[in-house]
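The structure appears right after this line, and notes come after that.
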Amino acid sequence: MNTFRTTVLLAVLTALLVWAGDLMGGRQGALIALIFAGGMNFFSYWFSDKMVIAMYQGQEITANDDPELYGIVQDLAQRAGLPMPRVYILPQDTPNAFATGRNRQHAAVAVTQGIRRILTKRELAGVLGHELTHVINRDILVSTIAATLAGAISYLAYMAQWAMIFGAGRDRDRDEGGGGVFGLLFMMIVAPLAAMLIQMAVSRSREYGADDGGAKITGDPLALASALRKLQMASENIPLQVNEATANATAHLFIVNPLTLGGLRTLF
């Protein structure tokens, strides 16, 4: 099922990129966007985990760097019958965590410095069990590809804003009888919204399953419940310190949404 979802996701986001390219540069822009989308699809599949980790300046750790964290992941991976994933620390103060990677053999789990400060060892194990369940259920490929391609679409919207400032679209208005500037305005509004809707459609549907699986791996469901309460309260007080495009594109990866909900986001 996740293979089908991934294929559909790639197709829809590719179509969005090509459409955005056409609005910005006509047929030539659409061709450039198609080439760009092909490259993004390739790199999203093979390198999406590294790309997302790099967005948050994550540093890989070993057992010598953080014996407690590494040991928890190692123990849970053994219980779940998983290969040992790579473990990363993110420098952000907001307490959160996510898993990424294209399959079980190339998985990674990342936690922020903030989560290390506020959770007990039991609670941290509950969170990491949740994330490893995403690896088991093969949710991580779909979510990570959604993050990288939705981010690309969001950046195109920012490019459209700058294009408007410098007069892009006016030549197309003259050549095609109008619509160039309107097209750019339309893309600035609709493209990031469409990317957000797509990533939300594939994001939170598996969270309850991950909660259940994480509780079974750890054998301590109350620890996960306690951790989620702490994380929800703390994330509302300590916002995610990254640029808006990155935050919007990757928020669905985290165990707790790091963004303040408002507007359309509250529908999800």
Taking the Cβ of each residue in Thr133, Thr14 as the centre, tally the other Cβ atoms inside 10 Å and list the residues starting with the fewest.
Thr14, Thr133
Packing-based ranking, highest mean first, of 120-130, 230-240, 55-65 given that Cβ atoms within 10 Å are counted:
120-130, 230-240, 55-65
Amide H neighbours of Ala107 at under 5 Å, excluding residues fewer than 5 places away on the same chain, with H built from the backbone geometry, are Arg86
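Any read-out appearing in this document is the output of simple, stated calculations on the displayed coordinates, not a laboratory observation. Everything quoted here is computed from the prediction, not taken from an experiment. Every residue, glycine among them, receives a Cβ derived from its backbone with ideal geometry; neighbour counts consider all protein chains shown.
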